[in-house]
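The values are calculated or read from the model by the stated rules, or taken from the named source; none is laboratory data. Treat the numbers as computed from the prediction; the structure is a model and nothing was measured. All Cβ positions, even for glycine, are placed from backbone atoms using ideal geometry, and neighbour counts span all protein chains on display.
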Amino acid sequence: MKKLFILMLFSASAQAVNLQDYFPDNSVNYYSNSQGKLTARFDFVKNNPLMRKKFRFKKRGYVGSWGKAYNTGGAYQYFVTQPLFFGADQSIVELGGIKNEGKVTYQSGSNPTGLYWSAPGGLDYGYKTKQMDVYVNGNHGDLRAYSRTRMIEFLPTFTLEHGNQKTYGNVIHMVMYHGTSTKANKSVRCWNRAALNPGYVQYIPMKGYNTYAIELWLAPVVGIVKHRIAFTESADASPGVTNCSGNMFDGGDSWTDYLVN
């Protein structure tokens, strides 16, 4: 009987999760660091017809939007709005982004594609990797990108250490590796710092790319309750970072944000 129970538990934990159930229909969420300082605002719309017109995707589903703004000098500064495609096959695909400098899209050959949050069939514990070409305002050049995603753990209950300090049920802890590559940019590697703070995320470079990895904790319907930059190889990945930075290399809690509202 004990063996049967363990087998059932293992089977349940190995099943893919429909990550779409973890996103709210509409929300404006605020985040702070462990010291209580407000750091970011995420605006989310699960079905945004305007984004559907701007970003075409040849699959059955709908397109939402994730807008990100960061607190700089006491005011939130707009950074990017990213379209998220929610497929009928349970996939979630980040189709690109709209910044002040223009529109970014991804293609695989002649077909639109994107960075996978969740592959068809749902999110599970296996790595899903996809490479693609990057277009900025319709121009390709030699810029390429990749994404690699997996679930780290399923948490029946999870309490935020900071922020609103609420307890949530059925929380998904996941990691997303993203990277970009051009012929002109050299790859940055951080092997000399990779063992400083291993945590849950592995340091996995991708040949020919500069990678950054983010950890997300998501609660059903609420969305992202905790966000962490696990590591960044290149300073070009995000404003305000340096080569070989992030929680894995620097330790502490300075790279983590917690839901406030």
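Annotations
- Considering the conditions (1) surrounded by fewer than 21 Cβ atoms within 10 Å (Cβ to Cβ); (2) aliphatic (A, V, I, L, M); (3) out of contact with any helix residue (DSSP H, G or I) (no Cβ under 9 Å at 6 or more places or on another chain); (4) at pLDDT 95 or above, Val225 is excluded by exactly one of them, (1).
- Counting only residues that are crowded, with 18+ Cβ neighbours inside 10 Å, without any contact (Cβ under 8 Å) to a residue 40 or more places away in the chain and farther than 17 Å from Ile172 by Cα, region 119-134 holds 1 of them.
- Those residues of region 41-59 which are modelled with pLDDT of 90 or more and exposed (fewer than 15 other Cβ atoms within 10 Å of the Cβ), in sequence order: Asn47
- Pairing each residue of region 152-163 that is under 11 Å from Tyr258 (Cα atoms) with any residue that is charged (D, E, K, R), provided the two are 6+ apart or on different chains, yields C-beta distances under 7 Å for Leu160/Lys166; Leu160/Lys226.
- Residue count for region 166-202, restricted to those that are more than 16 Å from the chain's Cα centre (by Cα) and not in a strand (DSSP E or B): 19.
- Unmet requirement for Lys53, which otherwise passes all of (1) out of contact with any strand residue (DSSP E or B) (no Cβ under 8 Å at 6 or more places or on another chain); (2) assigned to a loop (DSSP other than H, G, I, E, B): (2)
- Test result for Thr211, surrounded by 21 or more Cβ atoms within 10 Å (Cβ to Cβ), farther than 24 Å from Tyr22 by Cα and touching a Ser or Thr at 6+ places or on another chain (Cβ under 9 Å): yes
- Single unsatisfied condition, Arg193 versus (1) among the basic types (Lys, Arg); (2) in contact with a strand residue (DSSP E or B) (Cβ under 8 Å, 6 or more places away or on another chain); (3) more than 28 Å from Val28 (Cα to Cα): (2)
- When every residue of region 7-14 is checked against the conditions, none turns out to be modelled with pLDDT of 95 or more and among the hydrophobic types (A, V, I, L, M, F, W, C).
- Residues considered: Phe249, Phe231. Of these, the only one that is part of a helix (DSSP H, G or I), crowded, with 18+ Cβ neighbours inside 10 Å and not acidic (Asp, Glu) is Phe249.
- In the set Tyr116, Tyr125, only one residue is farther than 30 Å from Lys103 by Cβ and within 17 Å of the chain's Cα centre (by Cα); that residue is Tyr125.
- Residue tally, condition modelled with pLDDT of 90 or more and crowded, with 19+ Cβ neighbours inside 10 Å, over region 105-118: 8
- Total residues in region 119-130, condition modelled with pLDDT under 95 and part of a strand (DSSP E or B): 3
- Meets criteria (touching a residue at least 12 places away in the same chain (Cβ under 8 Å) and over 27 Å from Thr182 (Cβ atoms)) for Val241: no
- Subset of region 72-100 [outside any strand (DSSP E or B) and either surrounded by 14 or more Cβ atoms within 10 Å (Cβ to Cβ) or in contact (Cβ under 8 Å) with a residue 12 or more places away in the chain (or both)]: Ala88, Asp89, Gln90, Ser91, Leu95, Asn100
- All told, Met151 falls short of being in a strand (DSSP E or B) and closer than 19 Å to Asn210 by Cβ.
- Candidates Ser187, Ser245, Ser238: the one that is closer than 19 Å to Phe79 by Cα and either modelled with pLDDT of 95 or more or polar (S, T, N, Q) (or both) is Ser238.
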